[in-house]
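Taking it in order: structure first as structure tokens, then the write-up.
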Amino acid sequence: MKRYFLGTLASLLLLLLVLSSVGDTTPPTQAFEANWTSLQQYQCPEWFRDAKFGIFLHWGINSVPGFSGHYGRYMYWQQKPDPVEDTGWKDSCADVYHHHVKTYGHPSRFGYKDFIPLWTAEKFDPDALAAFFKECGARYVVPMAVHHDNFDNWDSKHHRWNAVAMGPQRNIIGEWKKACQKHGLRFGASTHFNGGHEHIFFQGRHDTTGPLKGVPYDTVDPCYVDFYHKRTPDRKKILPYIGKHFYDRHMDLIDKYQPDLLYFDGGLPYGDYGLRLAAHFFNQNIANHGANWMPCYP
């Protein structure tokens, strides 16, 4: 787990999409365009340079089994499907599968989707947590908006698999935004739907050995294709529709909650969709808070 965590951090591109002069209504001097030349003019804001301590919260459906951060992926891996791929979890992949079968049943009978009703979040109190984090000295809080498991933790208008319509039936991101504002904390959102794993996260299809060999998992049920994604013979190939889905859902997230910090678990994904998304967020901040939201440093 430690190796995976450190390796992931080393490869991340952190987009700090933030405000530095709330209330400033100075007209923007230059809008960002959807290309790297323009986006590279962005500067790290002073508030983040001074914020030595922030808290990220990796909390979602996978917290129900509480066995692995990538539980939804590895519960469908009776055996490691790709010996070339080095995930850093070589010894734990089969452990998750066997734990799942023993604890919840075979993936053909109890799939990852079946954890959603069990995630009730009945003790979730973002106001108390934000107050505690502030007391601990945190300057910003970054809850998870969506993990590789393709479940949105806000009232997503482009995706039926979300925490308001299902599971907790609460707007996790919206409640965090309100709590952070109340306690004077910068609010961020982390997203793991970023061209890394979401298109292969649920690629397991059936057991390859044993008494249930060939019995399909729920991942191949067409009723759930918008959650588990379409099957693809090439696990490395990203299907074209995913980029548009990424763009629409993140535009919704940005426009509704305007986080001070947006964190991608990887680089800016999906080509032009990612560039357009970043430019939109930068320009939205300028429109809402003035040209001085991005300080200039020598």
| query | Just checking, which of 259, 211 is part of a loop (DSSP other than H, G, I, E, B), closer than 30 Å to residue 45 by Cβ, at pLDDT 90 or above and of a type outside the set (A, V, I, L, M, F, W, C)? | reply | 259
| query | Residues 99, 183: which one is out of contact with any Leu (no Cβ under 8 Å at 6 or more places or on another chain) and within 24 Å of residue 49 (Cβ to Cβ)? | reply | 183
| remark: Over the stretch 219-231, the set of residues in a helix (DSSP H, G or I) and either of a type outside the set (Asp, Glu) or in contact with a Ser or Thr (Cβ under 7 Å, 6 or more places away or on another chain) (or both) is 219, 220, 222, 223, 224, 225, 227, 228
| First in the stretch 277-289 and in a helix (DSSP H, G or I), second anywhere and of a type in the set (D, E, K, R), Cβ under 8 Å, 6 or more apart | 279/33; 284/255; 289/24
| query | Looking at this structure, is residue 129 surrounded by 14 or more Cβ atoms within 10 Å (Cβ to Cβ), in contact with a Pro (Cβ under 7 Å, 6 or more places away or on another chain), modelled with pLDDT of 95 or more and hydrophobic (A, V, I, L, M, F, W, C)? | reply | no
| Would you call residue 248 surrounded by 17 or more Cβ atoms within 10 Å (Cβ to Cβ), acidic (Asp, Glu) and at pLDDT 85 or above? | no
| request: Filter the stretch 220-244 down to the residues that are in contact with a Phe, Trp or Tyr (Cβ under 9 Å, 6 or more places away or on another chain) and of a type in the set (Val, Ile, Thr), then identify the one that is modelled with the highest pLDDT. | output: 220
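The values are calculated or read from the model by the stated rules, or taken from the named source; none is laboratory data. Note that this is a predicted model, so its numbers are computed, not measured. Because the Cβ atoms are built from the backbone with ideal geometry, glycine has one as well, and the counts that use them run over all protein chains shown.
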